[in-house]
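The block underneath contains the structure these notes are about, expressed in structure tokens.
The values are calculated or read from the model by the stated rules, or taken from the named source; none is laboratory data. Everything numeric here is computed off the predicted structure, so don't read it as measured data. Positions of Cβ are generated from backbone atoms using ideal geometry, with glycine treated the same way; all protein chains shown enter the neighbour counts. All accessible areas refer to the heavy atoms of the entire protein, side chains included, with ligands and DNA or RNA removed. Shrake-Rupley method; radii C 1.70, N 1.55, O 1.52, S 1.80 Å.
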Amino acid sequence: MHYSSENLPQLDQMVKMIYRTGEYAGKVVETGGPRAVVQVLAVLKHPQQGNLHYPYNPDVPVFHERRALSFNEKALVTYTDLEPYVGTIPDYKESLVRALEEEAEALDRLRRWAERGLETLAIVKQDYRL
């Protein structure tokens, strides 16, 4: 269930939030305007690197470096990017390490997929006798 301007989260409620390309667990510290103020307590998914307008393209003029929000940092988040957090919120540092490792593993998997794809295309090119 996502929140909306008609269905606001309660103050001090634990929520999962999407902020830019990262996901976080945090505590609602302010509501009432078009966005809630959420205090970051854990990193659930590390933000993606690179230019979001040109995904998976390393040859862009600006390749963005995105850092995770820091512990206790407050972020303005639209209500539709919030949902209740269920479970125990992990320790910030441990969650940051895990999220960073998962993002690195995903990029490594993508790199290996691209290498296998190139190998397969070379075989297909030979089959085409090109």
Nearest 10 degrees, 0 to 90: helix 92-127 Cα axis against the chain principal axis: 20
I want the local charge near N51. Using Cβ-Cβ distances under 14 Å, sum +1 for each Lys or Arg and -1 for each Asp or Glu among the other residues. 0
Please give the Cα centre distance for the stretch 1-27 versus the stretch 54-130, rounded to the nearest Å. 22
Can you sort M1, M17 by 1.4 Å-probe accessible area, starting with the largest? M1, M17
The Cα extents of the stretch 50-97 along the principal axes, largest first and rounded to whole Å, are 41, 27, 18
Which of the aspartates and glutamates could be linked to K27 by a straight reach, that is with a Cα gap under 15 Å, when you skip same-chain ones fewer than 8 residues away? D12, E73, D81, E83, D91
Listed residues R111, R67, R98, most fluctuating in the chain (Gaussian network, C-alpha, under 10 Å): R111
Over the chain, with the other protein chains present, what is the accessible area per residue in square angstrom, probe 1.4 angstrom? 71
Honestly the stretch 1-67 on the Cα gyration tensor test (a ≥ b ≥ c root eigenvalues; a/c under 1.5 rounded, otherwise a/b vs b/c for prolate or oblate) is just prolate
Here the chain gives, from Cα atoms, an Rg and Dmax in Å of 19.5, 67
Charge sum, other residues only, whose C-beta stays under 13 Å from E105's C-beta, Lys/Arg counted +1 and Asp/Glu -1: +1
